[in-house]
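S.K.: Take this structure, written in structure tokens, and hold onto it; I'll ask about it next.
The values are calculated or read from the model by the stated rules, or taken from the named source; none is laboratory data. In this text the structure is predicted, and so the values were computed from the model without any measurement. For neighbour counting, all protein chains shown are included, and Cβ atoms are generated from backbone atoms with ideal geometry for every residue, glycine included.
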Amino acid sequence: MKKLLLLVCALTLVLGVPEITSACMCDYVDAQDAFLSARLVFVGKVTNIVAGREAGVGLLMKESGALELLKQPRWEKSTDKVQIVTLEITEAFKGMTDKTINIVTAVYDHGATCGVNFKIDETYLVYAYERRRELTTEQTNLPKNEWTKEVKLKWQADKFNERLPAFGTSICSRTERMLWAKDDVDMIRRILKGEIVPRPRRPAHPIIR
């Protein structure tokens, strides 16, 4: 399958970097901002992990293996490997009422993706977000006779992804093993007790991919 090269950073184009290396790049988010912006925050133990796939749509800038950019970039759909992780909730901080939950994350690849390296029987502090849809609200409201190829492909991707859990997480959201997340947990507990009044500095919404 052709590799999709996404236009994710205008600076890359300005600098004229000839190759785009696949890597996870996160904006820094502290514990307070992560807690305020996440839809779900909890401590949970991993009980099951199954493989899945997630569809995405990107702008193809060049053919796989080619050096030259396409004269006319085109939209294409691809699928990537993901993991569907089941966790047993041991402590709920925000948005959780069930005892278990399924979330999706990219397959961990030593920094090439933003996936969390979940392990069965390990316990994690999880900041989860609603899984991002491909179609924007504006595109969703377009009549079908006005759909471009981009919109059609994104609609197909969203239909394909309906089988996935509604929530996802990544290393960008500060999800981490409890061994390394104790400071975050202490901060959250103090927020919930009213000992700290968090003041968000900016909106935070890591890409769940």
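S.K.: For Ala128, indicate whether it is touching a helix residue (DSSP H, G or I) at 6+ places or on another chain (Cβ under 8 Å), of a type in the set (Gly, Ala, Ser) and at pLDDT below 95. Write out each step before concluding.
M.R.: Values: touching a helix residue (DSSP H, G or I) at 6+ places or on another chain (Cβ under 8 Å): yes; of a type in the set (Gly, Ala, Ser): yes; at pLDDT below 95: no.
No, not satisfied.
S.K.: Among the residues of the range 188-202, is any surrounded by fewer than 21 Cβ atoms within 10 Å (Cβ to Cβ), within 20 Å of the chain's Cα centre (by Cα), in a loop (DSSP other than H, G, I, E, B) and modelled with pLDDT under 95?
M.R.: Keep residues of the range 188-202 that are surrounded by fewer than 21 Cβ atoms within 10 Å (Cβ to Cβ), which gives 189-202.
After this cut, where a residue has to be within 20 Å of the chain's Cα centre (by Cα) as well, the list is 202.
Subset that is in a loop (DSSP other than H, G, I, E, B): 202.
After this cut, where a residue has to be modelled with pLDDT under 95 as well, the list is 202.
Yes, the range 188-202 contains a residue that is surrounded by fewer than 21 Cβ atoms within 10 Å (Cβ to Cβ), within 20 Å of the chain's Cα centre (by Cα), in a loop (DSSP other than H, G, I, E, B) and modelled with pLDDT under 95.
Residue-wise test of (1) among the aliphatic types (A, V, I, L, M); (2) within 20 Å of Val57 (Cβ to Cβ); (3) part of a loop (DSSP other than H, G, I, E, B); (4) out of contact with any Pro (no Cβ under 6 Å at 6 or more places or on another chain).
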residue	(1), (2), (3), (4)
Val126	yes, no, no, yes
Arg132	no, yes, yes, yes
Leu142	yes, yes, yes, yes
Lys152	no, yes, no, yes
Phe160	no, yes, no, yes
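S.K.: Answer with yes or no whether Ile120 is surrounded by fewer than 14 Cβ atoms within 10 Å (Cβ to Cβ) and over 17 Å from the mean Cα position of the chain (by Cα). Break it down into steps so the answer makes sense when it comes.
M.R.: Working: surrounded by fewer than 14 Cβ atoms within 10 Å (Cβ to Cβ): yes; over 17 Å from the mean Cα position of the chain (by Cα): yes.
When the stated conditions are applied, Ile120 passes them.
S.K.: Filter the range 74-114 for residues that are surrounded by 14 or more Cβ atoms within 10 Å (Cβ to Cβ), in a strand (DSSP E or B) and hydroxyl-bearing (Ser, Thr, Tyr) and give the result.
M.R.: Scanning the range 74-114 gives Ser78, Thr79, Thr86, Thr105.
S.K.: Here's a follow-up. With the condition kept exactly as written, say whether any residue in the range 129-152 is closer than 18 Å to Asp33 by Cα, buried (at least 16 other Cβ atoms within 10 Å of the Cβ) and touching a residue at least 40 places away in the same chain (Cβ under 8 Å).
M.R.: Let us first name the residues in the range 129-152 that are closer than 18 Å to Asp33 by Cα, namely 129-130.
Applying the additional criterion that residues be buried (at least 16 other Cβ atoms within 10 Å of the Cβ) yields 129.
Cutting the leftovers down to touching a residue at least 40 places away in the same chain (Cβ under 8 Å) gives us 129.
So far as the range 129-152 goes, yes, one or more of its residues are closer than 18 Å to Asp33 by Cα, buried (at least 16 other Cβ atoms within 10 Å of the Cβ) and touching a residue at least 40 places away in the same chain (Cβ under 8 Å).
S.K.: Of the residues Glu146, Glu122, Glu176, only one is acidic (Asp, Glu) and over 24 Å from Cys24 (Cα atoms); which? First the steps, then the outcome.
M.R.: Numbers: Glu122 fails: over 24 Å from Cys24 (Cα atoms); Glu176 fails: over 24 Å from Cys24 (Cα atoms).
Sole residue among the options that is acidic (Asp, Glu) and over 24 Å from Cys24 (Cα atoms): Glu146.
S.K.: For the range 43-73, give me each residue that is part of a strand (DSSP E or B) and over 30 Å from Thr97 (Cα atoms). Reasoning before the result, please.
M.R.: First pass over the range 43-73, keeping only residues part of a strand (DSSP E or B): 43-60.
Within the range 43-73, Gly56, Val57, Gly58, Leu59, Leu60 meet the criteria.
S.K.: For residues that are under 30 Å from Asp121 (Cα atoms) and within 20 Å of the chain's Cα centre (by Cα), tally how many sit in the range 46-82. Before the answer, list the steps.
M.R.: Applying the first criterion (under 30 Å from Asp121 (Cα atoms)) to the range 46-82 yields 46-55, 79-82.
When the remaining residues are screened for being within 20 Å of the chain's Cα centre (by Cα), the result is 46, 48-55, 79-82.
Count: 13.
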